[in-house]
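See below for the structure under consideration.
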Amino acid sequence: MEFILKEKGEFALDVQSGLSAPNKYLLSKYFYDHRGDELFQKIMQLPEYYLTRTEFSILHHNYASILAPILEMQHEFNLVELGAGDGFKTKILIEYLESEKAAYTYYPIDISGNVLAHLKQSLRDKFERIQVHPIQDIYRNALAGQLWDHKRRTLLLFLGANIGNFVLEEAKEILKLMAATLGSGDFALIGFDLKKDPELILGAYDDSQGVTRDFNLNILTRINKELGGDFDLSKFKHWPVYNPVNGECRSYLVSLADQEVRVDALAATFHFKRAEAIHTEVSKKYDKEELNQLAEECGFEIIHNFQDDHEFFTDSLWKKR
Ligand SMILES: C[S@@+](CC[C@H](N)C(=O)[O-])C[C@H]1O[C@@H](n2cnc3c(N)ncnc32)[C@H](O)[C@@H]1O
């Protein structure tokens, strides 16, 4: 409850800052209310959204090799996951850990209390003896709070290319925070979406059924519902663009008219010029050189890049130096 109240206050402040900025923006972490969670479930099943099924297949083919280094330590460990969502792919790893009778506690971290509640229940239904401690918070707070046992080894998961929701400099900051949380010799498994045919990338954020459009527009619905906004959704267009040079796929909501939008909770009215854009999400794609540099600069050694045959995606296993 305390978190929900705090989160509401932060949501209002962040909307105020984002819509008052010279280049308007809304933070992508606010996509995930109840409806946003449902829409993201649909996105993961879209034919154009190659990310989920590619990463699923990487984990499905490599779970034993991925988990071998932490299991070989023969020590109780923490399995900490940033942005766990529904844990659909994590369950491949958990299933193996359970079959190996590994001694571990799972700490899924997510901003959405709704997904965490479902995840905990679904794990309890499937794995009787599993130890799960959900943490509802944003990545930075959860990492700074370090609510897991530091006498144990840790494997930190950051799957689903969630790291791509940060521009490069922010991603470095998060990875350095991760490194600061881990002890020397601990592990991190990070899912990176790789640079590839721009058409394939763009399709994943602009599907033919319009689910990614609805997901993007839902952030305005959330402002309407939670902050008393009067956004007219028909006056904003979902507009993703991919830049093959820096690997950033950015989603925007573009105002189709000169318009005023009132947000009661902020006691403010925001003006939108015709064709003015609100930036809502970045999904950065990486290449191998960038990965090597990131690991080096943030205090990790790359153990192995687990990837699919098309080299669309990599789950990169890192060890804290
Ligand atoms: C794109 S989904 C991916 C879920 C899962 N990792 C997967 O690979 O399927 C992102 C998840 O991260 C959560 N999330 C997004 N931004 C977050 C933040 N800043 N802090 C904590 N959780 C966040 C969302 O609620 C959502 O469940």
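What three numbers, in Å, describe the spread of the alpha carbons of the range 73-229 along their principal axes, ordered from the longest?
That works out to 48, 35, 32 Å along the principal axes.
Relative to the longest principal axis of the C-alpha atoms of the chain, give the angle of the C-alpha long axis of helix 113-126, reported between 0 and 90° and rounded to the nearest 10°.
30
Measure out, as a whole number of angstrom, how far apart the alpha-carbon centroids of the range 120-178 and the range 232-271 sit.
If we compute the Cα centre of each part, the gap is 30 Å.
For the range 260-310, build the convex hull from the C-alpha positions and give me its volume per residue in Å³.
213
Could you run the Karplus curve 6.51 cos²θ - 1.76 cosθ + 1.60 with θ = phi - 60° over the range 231-242 and give me ³J(HN,Hα) per residue in whole Hz, x for Gly and Pro?
Whole-Hz 3J(HN,Hα) from phi for the range 231-242: 4, 9, 4, 6, 9, 10, 10, 5, 9, x, 9, 10.
Skipping prolines and chain starts, which residues have an amide H placed within reach, meaning under 5 Å, of the one on Phe236, given they are 5 or more residues away or on another chain?
Leu256
Treating each Cα of the range 93-137 as an identical point scatterer and ignoring solvent, apply the Debye formula and state log10 I(q)/I(0) at q = 0.14, 0.16, 0.23, 0.24 Å⁻¹.
Calculated log10 I(q)/I(0) at the listed q: -0.32, -0.41, -0.79, -0.84.
Pull up all non-local amide H partners of Lys195: gap of 5 or more, or a different chain, and H-to-H distance under 5 Å with H placed in the peptide plane.
Tyr286, Asp287
Can you check what the Kirkwood hydrodynamic radius comes to for the range 68-142, Cα pairs only, in Å to one decimal? It would help to have the intermediate numbers written out before the result.
Working: mean 1/r = 0.0790 Å⁻¹.
It is 12.7 Å.
Starting from the Cα-Cα distance between Lys126 and Arg262, subtract it from 0.36 nm times their residue separation and give me the gain in nm to one decimal. Working shown, then result.
On the way: separation 136, 0.36 × 136 = 48.96 nm, distance 4.66 nm.
Gain on extension, Lys126 to Arg262, equals 44.3 nm.
Going by average Cβ density within 10 Å per residue, which order do the peptides 188-199, 35-46 take, highest to lowest?
188-199, 35-46
Please list, short to long, the whole-number percent of alpha-carbon pairs of the range 157-211 in consecutive 10 angstrom bins beginning at zero.
With a bin width of 10 Å, the distribution comes to 19, 41, 26, 12, 2.
Across the range 248-254, in residue order, what do the Karplus-derived ³J(HN,Hα) couplings come to in whole Hz, using 6.51 cos²θ - 1.76 cosθ + 1.60 with θ = phi - 60° and x for Gly and Pro?
9, 9, 10, 9, 10, 10, 9
If I fit a long axis through the Cα atoms of helix 168-181 and take the longest principal axis of the Cα atoms of the chain, what angle between them do I get, 0 to 90°, rounded to 10?
Taking the Cα atoms of the chain, the angle to 168-181 is about 40 degrees.
Sequence gap at least 6, Cα distance under 8 Å: using those rules, report the relative contact order of the range 214-313 to the nearest whole percent.
It comes to 22 percent, rounded to a whole number.
Can you compute 3J(HN,Hα) from phi for each residue in the range 27-33, using the Karplus curve 6.51 cos²θ - 1.76 cosθ + 1.60 with θ = phi - 60°, rounded to whole Hz and x for Gly and Pro?
Residue by residue, the range 27-33 yields 7, 5, 5, 7, 5, 8, 8 Hz.
If you fit an axis through the alpha-carbon atoms of helix 90-99 and take the longest principal axis of the Cα set of the chain, what angle between them do you get, 0 to 90°, nearest 10?
The helix 90-99 is inclined about 20 degrees to the chain.
Taking every eigenvalue of the Cα gyration tensor of the range 3-105, multiplying by 5 and rooting it, what semi-axes result, largest first, whole Å?
35, 19, 12
If packing is taken as the average count of other Cβ atoms within 10 Å, what order do 160-166, 11-17 fall into, highest mean first?
Details: 160-166: 21.6, 11-17: 16.4.
So the order, starting with the most tightly packed, is 160-166, 11-17.
When you have a sec, figure out the Kirkwood radius of the chain from all distinct Cα pair distances and drop it here in Å to one decimal?
20.5
Every number in this text was worked out from the coordinates using simple rules, so none of it is lab data. Bear in mind the structure is a predicted one, so any value in this text is a computation, not a measurement. Reconstructed Cβ throughout: ideal geometry from the backbone, glycine too, with neighbour counts over all protein chains shown.
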